[in-house]
Structure formats: C-alpha cells, structure tokens
Amino acid sequence: MRFSLRAVLLALSASAALTGCSTAMFRGADAGVTITDDRRTPGTYVTDEDISIRTGRLFSEQAPGGAHATFSSFNRRVLITGQVPSEEVRKSAASIAHMHPDARDVVNELVVGETTSLYRRTADSYVTTKVKTRLVDDTRVSANHVKVITEDGVVYLMGLVKREEGQVAAEIAARTSGVARVIKVFEYMD
C-alpha cells in the first residue's frame, strides 16, 4: 500500500495533536517544504518524529519535578538535551531512548543541574531561528540537511551531511550572536 506525502504529513500532524505535542505539529507544518530535499527517506523522517514524540512523552511521564529534557531524532540517532536533577535521571533518560525499537544510537547531552528559565528557553528558540535563517541564506549548505537544537546557549547540529557541509554549518552557527558553543552530532556521508 502506497501513502502519499500529504497522507503521511496529515497522519503525523494528527498524531502530534492527539499527543499534545505542538513541537512536532509545528514541524509537520513545514515538512512539505523540507521533506522533498531531505536526505532521509520519508519513512525515516516519520520514524524520527515518532522517536522524538514517544521518548519525550515517556520521559515526561516518569521524570521527577525539576527535569527538562528534549529528545531530538535524526536518521534514528537520538540527541537528548536539557537539565535533570541527578545522574540517575540522566541515565534513565538515555535508557528510555535506547528502549525505542527504532533508535539506533543515543547521544546524551543532559546536564545535571537546575532547569533553565522560560527566558533562557525563549532566547534559545531565537538563537535556533537565527542559525536556521543564516543556513538558509548560505549557498554552501542546505538548511534542509541540518537540524538545529539550542539548549542553554549551546547549539547542537544534527544531520546527514558531507564533512565540508558540516564544517560550514558549524562555522555559521559559531558566528551567530547568542551562541556559547557548537556541538556537531552529524552523520557524515563521506
């Protein structure tokens, strides 16, 4: 049975709405633009969204107060960012990600400490937007090949890229105001 891109995006948006995950729904809205230029297959794209939603939800259900974690997946590689109250909770988050049957690798960048403020998270969102905008404006790398996640001023770059593209993306991110550090979590094609 073949599914059209529209049907897949509709199902993804409906799933996000039912789970209360506005981030995935937000991503679903622009997916029609990016999925055609994405190096992942449409199936892998949907799997990545599923991994992010399900692991994030499971962690939220089990996590103690004072924990903030974001699960981002690209090509079935899971990046966990945020702050947690203890090393035990940090390890628990990684275990949750490893338990997802489609996750093939987990990069745990959780920090043990106080959660960031709403102001800091808003600033992080703004930094992500600035980095993505600068990537769109640069002809040396496609913004559609790079996923940008910002947590407490640290920019994480994910994607399936050539080494030169990854280096360009990292340089662009590093030269963006508000960025304290850049961490590459790329998978390289060459």
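The values are calculated or read from the model by the stated rules, or taken from the named source; none is laboratory data. Remember, it's a predicted structure, so these values are computed and weren't measured experimentally. Here Cβ is always computed from backbone atoms with ideal geometry, including for glycine, and neighbour counts include all displayed protein chains.
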For this session: Would you please list the contacts, defined by Cβ atoms under 8 Å and residues six or more apart or on different chains, that run from a residue in the stretch 59-75 that is at negative phi to a residue that is of a type in the set (D, E, K, R)?
Result: THR70/GLU151; SER72/LYS147; SER73/ASP48; SER73/GLU49; PHE74/ARG40; PHE74/ASP48; PHE74/LYS147; PHE74/GLU187
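Looking at ALA97, ALA123, which one is in the same structural domain as PRO64 (by TED's automatic domain parsing) and not in a loop (DSSP other than H, G, I, E, B)? Spell out the reasoning first.
Details: ALA123 fails: in the same structural domain as PRO64 (by TED's automatic domain parsing).
Going through ALA97, ALA123 in turn, just one is in the same structural domain as PRO64 (by TED's automatic domain parsing) and not in a loop (DSSP other than H, G, I, E, B): ALA97.
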Exercise. Just checking, how many residues over the stretch 131-157 are of a type in the set (S, T, N, Q) and buried (at least 19 other Cβ atoms within 10 Å of the Cβ)?
Worked result: 1
Exercise. Given the conditions (1) under 15 Å from the mean Cα position of the chain (by Cα); (2) surrounded by fewer than 21 Cβ atoms within 10 Å (Cβ to Cβ); (3) not assigned by TED's automatic domain parsing to the domain that holds ALA69; (4) not aromatic (Phe, Trp, Tyr), and given that ASN108 satisfies all but one, which numbered condition is not satisfied?
Worked result: (3)
Exercise. Can you name the residue in the stretch 79-114 that is closer than 18 Å to THR150 by Cα and of a type in the set (Asp, Glu) and, of all such residues, is modelled with the highest pLDDT?
Worked result: GLU109
